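These notes concern the structure reproduced below.
The values are calculated or read from the model by the stated rules, or taken from the named source; none is laboratory data. Everything quoted here is computed from the prediction, not taken from an experiment. Here Cβ is always computed from backbone atoms with ideal geometry, including for glycine, and neighbour counts include all displayed protein chains. Areas reflect the complete protein model, heavy atoms only, side chains present, ligands, DNA and RNA absent. Shrake-Rupley method; radii C 1.70, N 1.55, O 1.52, S 1.80 Å.
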Amino acid sequence: MVGKTMASNPSSPARALPGIIGKAVARVDAEDKVRGRARYVDDLDIPDCWHGFLVRSPVSHGKIRSLRLDPSYDWSRVAVVLPRDIPGPNVVVMHDRSMPLLAFDEVLYLGEPVALVAAPTRALAEDAGRHVLLDVEERPSILTLRELTALFKSSSPGLVRLAAQTIVKGDVERGWAAADRIVEGEYTAGHQEQLYIEPQGMVAIPQNDGGVFIQGSLQCPYYVVHELHEALNLPAEKIRVKQAAVGGAFGGKEDFPTMLGGYCALLAMKSGHPVKIVFDRNEDIRFTTKRHPVWVRHRTGLKKDGTITALQVDYLLDGGAYLTISDVVMYRGILHAAMGYRCDNVFVNGVVGRTHTFPCGAFRGFGAPQAIWGIESQVDEMARACGMEPHAFRLKNCLRLGDTTPTGQVLRESVGSPAVLETALKRSGFDAKLKRCSHGRPGEKKWYGIGLSFFAHGSGFTGDGESKIGTCAALDLEWDGGQPVVTIRVSSTEMGQGSATVLSQIVAAGLSINLSRVRCPYPDTGLAPNSGPTVASRTTMIVGSSLFSAATKMKTALEEYAATRKSPAVNFEQVATDYLKEKGPLRVEHRFSLPPTIRWNQKTFEGDSYPGYSWGCNIAEVEVDTLTLEVAVKRVTACYDIGRVINPLLAKAQIEGGLTQALGYAVMEKMGIRDGKYDADRLQTYILPTIKDVPEYDIEVVEFPCPCAEPGAKGVGEIPMDGLAPAIGNAMVRATGLRMTDLPITPEKLYERLKCKP
């Protein structure tokens, strides 16, 4: 069940907005999806479309001796792209320029593409690909987080640092001197697969003007434009990108579609035909991005009364072979690695290290779940070291209104702490249930445990990121079937999360019109301004705010137009009809800007790291079968401050879905590396939650609206992923008496720990 509570924080009053905000309206895309009218990339019927195929490296690391075409093969029936055929620089411009579209000198991961083939049929493309002859001299590889961590701990020159950043507040040496005791801990987690319903797929169509039209399953249309135009040797305006219907993404379609779109575009430009590439499930799991494996080391200073005197954290991500976007994943990770608690002396050291595996990328939470797994496991150990109950320790130390974060940001407004913590504790009956925990007592058939976590999640881009991107949103007043409508023009994508509905509600509220008069088509860079990527819990907060402002501007323009006419018409339909007949279509734009009070130093990581924070508390109750060691999560109580709730039904769906994804991360989704390959690369071997595994969810939302982004929403998409794993880990301690420090927590790992228990 789900409930909603209005904020009592006087600095962030949850004033009521008229109309459709806060209403559980049906999804605007529901009917097309239910009736099968939604067109996913593999549904697109494109005449004369060829099929693309990627020729891949057979080794994880090696020097390319030669790459040639089999002279005995008939190449006239296909198109081939080798590295030398790329029109511009062989580089994908992401956060650095290190990754080529096609490996040309050295391969850095198993399956790295070295050549491309397109043909009228998939079978012919695959057959031709087998006749591209690659000679590689294999070299030593680093393949696992364990190897990477060993290099980090030994300060080995063999560790390649793809990115690094520190956060410093106060002086940890002073914190150690003031401490009565010091608590240390190490926590690790492996890869996690996004496992969206629809695999990766893109299509490229060559244009008569020499440009290319790219369409597919993607999150960030403008990323594809800006990251490919150099390699394709095309000005940005000649690369048009449009989203097709998307069957899920969870971050997995943020950066990778640039690569796939680039392959299709190169083949289309070479062959003169449209070219489509759609992965099957096995290929999708083997050769797309994953959540970064992580190793976190905490060292914490404490006084006897539970006051925290120092927090020191090492946060190491396995980035895979290339940087791609791992630097910003690490940035968000370190910003959450010591977040949530008062401490004057903080040092956080973040590093992204290279392994010879597929590059890791975005996944719901974007580095924060890994960080919160570490700190919230550590906080329970800190409480135990002080002889305090875990909830009492958190209530004593949690950040509140007026406190400062590890970057020195003062929490001046919209702070849902400690409200989320207090609400969750009360709803769950935590204090009473804590006394029922088994602590690994012998003779019981099932062990019971309860655990909690408390956390924040920054909404929007880190620091001054929102200022740099300059989010622009537009509204078009135009005709649709002879009726006036308002069409949303943004680059934010609907990928199943409900953004098209929420953004439509915000526009309808800003214009004071019926939702049926609003349209939200799939983004098209030829029609929509750049409102930034659909990432970082920013869509409803930042893009929604821009649209709300654009809507109020349009409303004012129509009201001013109506005031100049003799007609007494005041309703939208009549005024809009008259306006369109007399003046034609109207476009209104608005560019988002951060409040001038926000200050950020990207070099030192000091200042206001996010324009707003969502806050959460998860409480998990678990049972462990003492015979099989099967772990069952029975009940989860979750409370969140996500700002103003635009659509409570969709918010609930986001929370339940995120919690279920976090459940898999915590206790099921195990993916290792064997001979350079993922050892769970299909649905038969990658275990994830089913309906039978989902616990009872008790969800409560408190509203502390964000004043810098009308109508006041903060992020909801990512925060449900953040805190459940440590809540389960803490519950497992009270069920079994053992601290599990590696995710996922499986029966096999528990068995190994129990064997070593004295």
- Query: of a type in the set (D, E, K, R) and open to solvent by less than 10 Å² (accessible area, probe 1.4 Å), is that true of D625?
  - Reply: no
- Message: Looking only at region 409-429, filter to residues that are touching an Asp or Glu at 6+ places or on another chain (Cβ under 8 Å) and not in a loop (DSSP other than H, G, I, E, B); which one of those is surrounded by the fewest Cβ atoms within 10 Å (Cβ to Cβ)?
- Response: V410
- Message: Looking at region 445-461 only, could you name the residues that are open to solvent by 30 Å² or more (accessible area, probe 1.4 Å) and at pLDDT below 95?
- Response: F461
- Scanning region 390-401 residue by residue, those within 22 Å of S609 (Cα to Cα), open to solvent by 50 Å² or more (accessible area, probe 1.4 Å) and not hydrophobic (A, V, I, L, M, F, W, C) turn out to be R400
- Message: I need the full set of residues from region 504-517 which are touching a strand residue (DSSP E or B) at 6+ places or on another chain (Cβ under 6 Å) and buried (at least 24 other Cβ atoms within 10 Å of the Cβ), in order please.
- Response: S504, V507
- Among the candidates G643, G676, G664, which residue alone is farther than 20 Å from S428 by Cα, more than 24 Å from the chain's Cα centre (by Cα) and open to solvent by less than 40 Å² (accessible area, probe 1.4 Å)? G676
- Matching entry among G729, G717, G712, G723 (being touching a residue at least 60 places away in the same chain (Cβ under 8 Å), surrounded by 24 or more Cβ atoms within 10 Å (Cβ to Cβ), of a type outside the set (A, V, I, L, M) and more than 24 Å from L452 (Cα to Cα)): G712
- Task: Tell me which residues, restricted to region 134-143, are open to solvent by 40 Å² or more (accessible area, probe 1.4 Å) and touching a strand residue (DSSP E or B) at 6+ places or on another chain (Cβ under 6 Å).
- Result: L134, D135, E137, E138, R139
- Query: Counting only residues that are closer than 30 Å to G402 by Cα and touching a residue at least 12 places away in the same chain (Cβ under 8 Å), how many does region 576-596 have?
  - Reply: 5
- Under 7 Å between Cβ atoms, at least 6 apart or on separate chains: pull out the pairs that start in region 144-160 with a residue that is closer than 14 Å to V352 by Cα and end on any residue that is assigned to a helix (DSSP H, G or I) and open to solvent by 30 Å² or more (accessible area, probe 1.4 Å). G158/L151; L159/L151
- Message: Could you check region 250-279 and list, in sequence order, the residues that are among the polar types (S, T, N, Q) and more than 17 Å from P47 (Cα to Cα)?
- Response: T258
- Based on what the data block shows, is L218 at pLDDT 95 or above and under 30 Å from L663 (Cα atoms)? yes
- Task: Count, please, the residues in region 696-725 that happen to be over 18 Å from K426 (Cα atoms) and of a type in the set (D, E).
- Result: 3
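Does I745 satisfy the condition of being within 22 Å of P390 (Cβ to Cβ), in contact with a strand residue (DSSP E or B) (Cβ under 9 Å, 6 or more places away or on another chain), assigned to a helix (DSSP H, G or I) and not polar (S, T, N, Q)?
The answer is no for I745.
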- Of all the residues that make up region 50-99, how many are open to solvent by less than 30 Å² (accessible area, probe 1.4 Å) and of a type in the set (G, A, S)? 6
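Scan region 110-124 for residues that are open to solvent by 10 Å² or more (accessible area, probe 1.4 Å), in a loop (DSSP other than H, G, I, E, B) and closer than 21 Å to C264 by Cβ and report the count.
Total meeting the criteria: 2.
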- Query: Consider E494 against the criteria (1) touching a strand residue (DSSP E or B) at 6+ places or on another chain (Cβ under 7 Å); (2) closer than 30 Å to L335 by Cβ; (3) among the charged types (D, E, K, R): it satisfies all of them except one. Which criterion is unmet?
  - Reply: (1)
- Condition met for G170 (open to solvent by less than 60 Å² (accessible area, probe 1.4 Å), farther than 30 Å from A244 by Cα and at pLDDT 95 or above): yes
- Give K555, K468 a once-over and let me know the one that is open to solvent by 10 Å² or more (accessible area, probe 1.4 Å), under 30 Å from I719 (Cα atoms), in a helix (DSSP H, G or I) and of a type in the set (D, E, K, R). K468
- Query: Which one of these does R97 not meet: (1) without any contact (Cβ under 8 Å) to a residue 12 or more places away in the chain; (2) in a helix (DSSP H, G or I)?
  - Reply: (2)
- Message: Of the residues T564, T539, T604, T534, only one is surrounded by fewer than 15 Cβ atoms within 10 Å (Cβ to Cβ), under 30 Å from T405 (Cα atoms) and polar (S, T, N, Q); which?
- Response: T604
- Message: What's the total number of residues in region 280-307 that are among the polar types (S, T, N, Q) and under 30 Å from E198 (Cα atoms)?
- Response: 3
- Item | Scan of region 430-444 for residues that are surrounded by fewer than 16 Cβ atoms within 10 Å (Cβ to Cβ) and of a type outside the set (D, E, K, R), ordered by number | A432, H439, P442, G443
- Message: Any residue that is touching a residue at least 40 places away in the same chain (Cβ under 8 Å), assigned to a loop (DSSP other than H, G, I, E, B), in contact with a helix residue (DSSP H, G or I) (Cβ under 6 Å, 6 or more places away or on another chain) and of a type in the set (A, V, I, L, M, F, W, C) - is there at least one of those in region 662-671?
- Response: no
- Message: Quick check on A236: is it without any contact (Cβ under 8 Å) to a residue 24 or more places away in the chain and either aliphatic (A, V, I, L, M) or on the phi > 0 side of the Ramachandran plot (or both)?
- Response: yes
- Subset of region 201-255 (residues that are open to solvent by less than 10 Å² (accessible area, probe 1.4 Å), in a strand (DSSP E or B) and touching a Lys or Arg at 6+ places or on another chain (Cβ under 9 Å)): G201, M202, V203, A204, V212, I214, G216, A245
- Give region 303-321 a look and list any residue that's open to solvent by 10 Å² or more (accessible area, probe 1.4 Å) and of a type outside the set (V, I, T), or say none. K303, K304, D305, Q312, D314
- Query: Which of (1) part of a helix (DSSP H, G or I); (2) surrounded by fewer than 20 Cβ atoms within 10 Å (Cβ to Cβ) is the odd one out, the single condition I655 does not satisfy?
  - Reply: (2)
- Task: Give A204, A245 a once-over and let me know the one that is closer than 25 Å to D45 by Cα and in contact with a Phe, Trp or Tyr (Cβ under 6 Å, 6 or more places away or on another chain).
- Result: A245
